[in-house]
Amino acid sequence: MTMWVFGYGSLLWNPGFPVARSMIATLDDYARSFCMRSIHHRGTEAEPGLVLALDEVPGAHCRGMALAVQQGEEAQTLDYLRERELISSAYLEKDLSITLADGQSVTAVTYVIDPHHVQYCGGLPLEEQARIIARAVGGRGPNTEYLFNTTTHLAEIGLHDPDLEWLAERVRTLAA
């Protein structure tokens with residue numbers, strides 16, 4: 001049985017585990033957005049950044065990448081993902097049904113935001129998101145790098161995200 005992971009942000013360009021194959025996939029009823037304050041990786045407690053999370057939105061469709069974990073690496077991958085994604089317990093680990101580009105439905109390990117967590121900040125205006133991202137830096141580097149890498153990778157695989165594209169353009173202007 002293949003272990004699948006749904007990537008929608010940094011997992012697209014930095015999975016950190018052995019990927020046997022990948023395929024564009026859709027997750028229903030969730031939206032990708034900068035709705036989580038980052039106090040470790042892309043910001044600090046004093047100056048939080050923003051990272052992408054999946055916010056539950058009935059009727060929404062998030063297109064991302066289904067990542068098949070290399071056989072025999074499932075336990076190590078799950079340990080790695082839990083250490084990486086559950087660092088502050090703002091994400092919830094769920095096994096959710098995703099639809100692969102070929103129409104097949106599979107269950108994937110997916111990290112979604114806990115809307116009751118203190119780091120949740122859904123609904124921030126795009127301009128406010130841009131200003132935060134333009135200045136924040138955390139343990140894994142500048143928040144701008146996270147935004148630009150994700151936006152670039154989405155474009156490379158043919159996925160269009162108007163909000164992220166707007167944010168990337170605005171952050172470049174603010175940082176200039």
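How about region 1-21: which of its residues are among the small types (Gly, Ala, Ser), over 17 Å from residue 87 (Cα atoms) and surrounded by fewer than 19 Cβ atoms within 10 Å (Cβ to Cβ)? Correct list: 20 only.
Listed conditions (1) in contact (Cβ under 8 Å) with a residue 40 or more places away in the chain; (2) out of contact with any helix residue (DSSP H, G or I) (no Cβ under 8 Å at 6 or more places or on another chain); (3) open to solvent by 60 Å² or more (accessible area, probe 1.4 Å) are all met by residue 84, apart from (3). Taking residues in region 102-131 that are within 19 Å of residue 174 (Cβ to Cβ) and at pLDDT 95 or above, and partners anywhere that are assigned to a strand (DSSP E or B) and small (Gly, Ala, Ser), the pairs with Cβ atoms closer than 9 Å and at least 6 places apart or on different chains are 124/33; 129/33.
For every residue, the table says whether it meets (1) β-branched (Val, Ile, Thr); (2) open to solvent by 60 Å² or more (accessible area, probe 1.4 Å).
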| residue | (1), (2) |
| --- | --- |
| 104 | no, yes |
| 109 | yes, no |
| 123 | no, yes |
| 137 | yes, yes |
| 148 | no, no |
| 156 | no, yes |
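Per the listing 114, 102, the residue uniquely within 14 Å of the chain's Cα centre (by Cα) and of a type in the set (D, E, K, R) is 114. With respect to the conditions (1) farther than 27 Å from residue 137 by Cβ; (2) in contact (Cβ under 8 Å) with a residue 40 or more places away in the chain; (3) loosely packed, with under 14 Cβ neighbours inside 10 Å, residue 74 lacks only one, and its number is (3). Of the listed requirements (1) exposed (fewer than 14 other Cβ atoms within 10 Å of the Cβ); (2) touching a strand residue (DSSP E or B) at 6+ places or on another chain (Cβ under 9 Å); (3) under 16 Å from residue 16 (Cβ atoms), residue 59 misses just one: (3).
The values are calculated or read from the model by the stated rules, or taken from the named source; none is laboratory data. Everything numeric here is computed off the predicted structure, so don't read it as measured data. Quick reminder, even Gly has a Cβ in these numbers, built from the backbone with ideal geometry, and neighbours come from all protein chains shown. Protein only, heavy atoms only, side chains kept; ligands, DNA and RNA dropped before computing areas. Shrake-Rupley method; radii C 1.70, N 1.55, O 1.52, S 1.80 Å.
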